[in-house]
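Novice: Sharing a structure here in structure tokens format.
The values are calculated or read from the model by the stated rules, or taken from the named source; none is laboratory data. Since we're looking at a predicted model, the values are computed, not measured. In this analysis, Cβ positions are derived from the backbone assuming ideal geometry, glycine residues included, and neighbour counts consider all displayed protein chains.
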Amino acid sequence: MPATHRSVRIDLDMAAGPVDLACLERAALDFARRAPGELVAATVQTLTAQLFDAIIGPKGFPLDDDAQPEAPWSCTGCKGRRGFRRRGQRPGGRSVLTKAGRVLLAAWQVECRRCGRRFVPVLELLGLSAHQRRSVGVAEMAAALATEVAYAKASRLLAELAGIDLSARSVRHDTLSLAPKRIGPELLEVPVLLLDGTGVRAGDAKTHKNGVELHLAVGLVARRREAGRVVVEARLLGATLGEGWSAMAELLEGVRPGLVIVDGEEAITDLAVETFDETTPIQRCLFHLEHQTRYMARYLDRLDAATADELQARLHELLTDAYATGDLNTAVAAYNTLIDTAESLDAHHAATHLRNAAAHAFTFATHPTAGRLLFGDKGRPELATGVLERVMREMNRRTDIGVRWSIPGVRGMLMVKLARKYHHGRWSPKPATDDNPNVRFTLAA
């Protein structure tokens, strides 16, 4: 399509009296927020007129049906792409809220001479649905804010920072409209897979007294140094809310991890054992192993604090030695001795916890190459779920706001937040291209 040139005059009105910087700032900001939307509307009107001339013919002199080229739109009735004539402008037009501001589109109608249907082709040309009043860009911007702050605050920030007038109810609607019910993997082969869950205060207080469970599966694919810090690159492989671990098993069916790390919860360990084949090593999170042992000794077995601390210290020492030396036999012997010590102190809960964890406590020694990330820092494997713990705290920070969410509401919020955080689905990074944009605006003196 040929280039379109449109000249616009800018008028500056100043009242009598002094004008300070704040006044000029407000006036310029108001103009900057209105002008892009008006420019888009004017451009659409000009391009529509040029397109009608090329497809239908000059105004008042339509081309014959056979002489008309195939239109870039189709009739909403018979789906034909030839044989149209102009039918004037529909009153009111269509107002669409965009990231460039509010755009008022002139609703120029055409009539299909085959079936007699009248419609506005500009909506199809711009990719707008029949009742759409906001662009997808505005919905994504609203969702980006709503995943960090409350809906009402997101509405205020949109108005203050971007000049977009969107109610809190509309922010909520747009956020939830972008949310999938659950999130599945975009990557199937990962060096390390972390599995864990956290509770979210949602649902009816009587039927969901303890809230609902958010289940997460995060893959670690690389480790590198940035500005003197070790950074782990993570990918979201699965997320469900209000569903059992069986739903996560369905999502992870095709995933092939090099190592699976679990925190010790029985349901998660069973999921890992049943979902992946026997060649996939499973590692108990060493942080959870140590701290849960102390917790059980101190609060379930009622040992004094010094004795519970001593048990934890001995467990930490034998795990550290096992990692440093790789001597599995010595480590297992020390581990069994610690279990016997706990039994002799009547710390039966702690002893049972250690005994149940034994199968996956020394995976780092039996499978020394598992869990080493692609760009490892000194070849150190992952032995804890710390990355996932930080993610769950971030999810809880957004939902623990003093009210009880509905299950669909909290599901939508968290799925959007997770997808944005990990650049998943619609938020995946767009491939870089050297092509020039189809439209370019420039200012001329």
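Novice: Please work out which residue is farthest from GLU382 (Cα to Cα), limiting yourself to the range 259-290 and to residues that are surrounded by fewer than 21 Cβ atoms within 10 Å (Cβ to Cβ) and small (Gly, Ala, Ser).
Specialist: Step by step, filter the range 259-290, then rank; the result is ALA267.
Condition check ((1) assigned by TED's automatic domain parsing to the domain that holds ALA267; (2) over 21 Å from ALA370 (Cβ atoms); (3) in a loop (DSSP other than H, G, I, E, B); (4) touching an Asp or Glu at 6+ places or on another chain (Cβ under 9 Å)) across all residues:
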site: LEU194; (1), (2), (3), (4): yes, no, no, yes
site: GLY199; (1), (2), (3), (4): yes, yes, no, yes
site: LYS206; (1), (2), (3), (4): yes, yes, yes, no
site: VAL221; (1), (2), (3), (4): yes, no, no, yes
site: ARG224; (1), (2), (3), (4): yes, no, no, yes
site: ARG235; (1), (2), (3), (4): yes, no, no, yes
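Novice: Considering every residue within the range 131-152, establish whether at least one is surrounded by fewer than 17 Cβ atoms within 10 Å (Cβ to Cβ), of a type in the set (A, V, I, L, M) and touching a residue at least 60 places away in the same chain (Cβ under 8 Å).
Specialist: Scanning the range 131-152 turns up at least one residue that is surrounded by fewer than 17 Cβ atoms within 10 Å (Cβ to Cβ), of a type in the set (A, V, I, L, M) and touching a residue at least 60 places away in the same chain (Cβ under 8 Å).
Novice: For VAL171, state whether it is of a type outside the set (S, T, N, Q), crowded, with 21+ Cβ neighbours inside 10 Å and not assigned by TED's automatic domain parsing to the domain that holds GLY258.
Specialist: Working: of a type outside the set (S, T, N, Q): yes; crowded, with 21+ Cβ neighbours inside 10 Å: yes; not assigned by TED's automatic domain parsing to the domain that holds GLY258: yes.
Here the answer is yes, as VAL171 does meet what is asked.
Novice: Can you name every residue in the range 398-428 that is surrounded by 22 or more Cβ atoms within 10 Å (Cβ to Cβ) and of a type in the set (D, E, K, R)?
Specialist: Passing the criteria: ARG411, LYS417.
Novice: With the checklist (1) within 23 Å of the chain's Cα centre (by Cα); (2) over 30 Å from LEU220 (Cα atoms) in hand, flag the one item GLU160 doesn't pass.
Specialist: (1)
Novice: Tell me yes or no: at least one residue of the range 101-114 is in a loop (DSSP other than H, G, I, E, B) and out of contact with any strand residue (DSSP E or B) (no Cβ under 8 Å at 6 or more places or on another chain).
Specialist: Of the range 101-114, the ones in a loop (DSSP other than H, G, I, E, B) are 113-114.
From what's left, out of contact with any strand residue (DSSP E or B) (no Cβ under 8 Å at 6 or more places or on another chain): 114.
Yes, the range 101-114 contains at least one residue that is in a loop (DSSP other than H, G, I, E, B) and out of contact with any strand residue (DSSP E or B) (no Cβ under 8 Å at 6 or more places or on another chain).
Novice: Being of a type in the set (Gly, Ala, Ser) and surrounded by 16 or more Cβ atoms within 10 Å (Cβ to Cβ) is the filter here; which residues of the range 297-311 pass it?
Specialist: Residues of the range 297-311 that are of a type in the set (Gly, Ala, Ser), as a first pass: 297, 305-306, 308.
ALA297, ALA308, listed by residue number.
Novice: When the residues of the range 234-264 are narrowed to those that are among the charged types (D, E, K, R) and in contact (Cβ under 8 Å) with a residue 60 or more places away in the chain, which ends up farthest from VAL192 (Cα to Cα)? Reasoning before the result, please.
Specialist: Going residue by residue through the range 234-264, those that are among the charged types (D, E, K, R) are 235, 243, 250, 253, 256, 263.
Going one step further and asking which of them are in contact (Cβ under 8 Å) with a residue 60 or more places away in the chain, we end up with 235, 243, 256, 263.
Numbers: ARG235: 10, GLU243: 24, ARG256: 9, ASP263: 14 Å.
It comes out as GLU243.
Novice: Let me ask you something else. Considering each residue of the range 27-60, count those that are buried (at least 16 other Cβ atoms within 10 Å of the Cβ), closer than 14 Å to TRP108 by Cβ and more than 46 Å from the chain's Cα centre (by Cα), and give that number.
Specialist: Counting residues in the range 27-60 that are buried (at least 16 other Cβ atoms within 10 Å of the Cβ), closer than 14 Å to TRP108 by Cβ and more than 46 Å from the chain's Cα centre (by Cα) gives 0.
Novice: Another question, if that's okay. In this structure, is SER95 among the hydroxyl-bearing types (Ser, Thr, Tyr), assigned to a loop (DSSP other than H, G, I, E, B) and either over 30 Å from VAL416 (Cα atoms) or modelled with pLDDT of 90 or more (or both)? Steps first, please.
Specialist: Working: among the hydroxyl-bearing types (Ser, Thr, Tyr): yes; assigned to a loop (DSSP other than H, G, I, E, B): no; either over 30 Å from VAL416 (Cα atoms) or modelled with pLDDT of 90 or more (or both): yes.
It is false that SER95 is among the hydroxyl-bearing types (Ser, Thr, Tyr), assigned to a loop (DSSP other than H, G, I, E, B) and either over 30 Å from VAL416 (Cα atoms) or modelled with pLDDT of 90 or more (or both).
Novice: Among GLU253, GLU274, which is the only one that is assigned by TED's automatic domain parsing to the domain that holds ARG372, of a type in the set (D, E, K, R) and not in a helix (DSSP H, G or I)? Break it down stepwise before answering.
Specialist: Working: GLU274 fails: not in a helix (DSSP H, G or I).
Just a single option satisfies the conditions, and that option is GLU253.
Novice: Determine whether TYR299 is farther than 19 Å from ALA358 by Cβ, among the hydroxyl-bearing types (Ser, Thr, Tyr) and assigned by TED's automatic domain parsing to the domain that holds THR385.
Specialist: Details: farther than 19 Å from ALA358 by Cβ: yes; among the hydroxyl-bearing types (Ser, Thr, Tyr): yes; assigned by TED's automatic domain parsing to the domain that holds THR385: yes.
Taking the combined requirement at face value, the residue satisfies it.
Novice: Another one. Considering (1) assigned to a loop (DSSP other than H, G, I, E, B); (2) under 44 Å from the mean Cα position of the chain (by Cα); (3) modelled with pLDDT of 90 or more; (4) more than 30 Å from MET141 (Cβ to Cβ), say which one LEU63 fails and leave the rest.
Specialist: (2)
Novice: A follow-up question, please. Among residues belonging to the range 208-219 that are part of a strand (DSSP E or B) and not small (Gly, Ala, Ser), point out the one that is farthest from ARG256 (Cα to Cα).
Specialist: The qualifying residue farthest from ARG256 (Cα to Cα) is VAL212.
Novice: Among the candidates LEU157, LEU176, LEU161, LEU145, which residue alone is in a helix (DSSP H, G or I) and at pLDDT below 90? Please lay out each step first, then the result.
Specialist: Details: LEU157 fails: at pLDDT below 90; LEU176 fails: at pLDDT below 90; LEU145 fails: at pLDDT below 90.
Of the residues listed, the single one that is in a helix (DSSP H, G or I) and at pLDDT below 90 is LEU161.
Novice: Residue under question is ARG224, and the condition is that it be in contact with a Ser or Thr (Cβ under 8 Å, 6 or more places away or on another chain) and modelled with pLDDT under 95; does it hold?
Specialist: Values: in contact with a Ser or Thr (Cβ under 8 Å, 6 or more places away or on another chain): no; modelled with pLDDT under 95: yes.
Answer is no for this residue.
Novice: Here's another thing I want to ask about it. Determine if the range 22-37 includes at least one residue that is more than 19 Å from ALA159 (Cβ to Cβ), among the charged types (D, E, K, R) and modelled with pLDDT under 90.
Specialist: Scanning the range 22-37 turns up no residue that is more than 19 Å from ALA159 (Cβ to Cβ), among the charged types (D, E, K, R) and modelled with pLDDT under 90.
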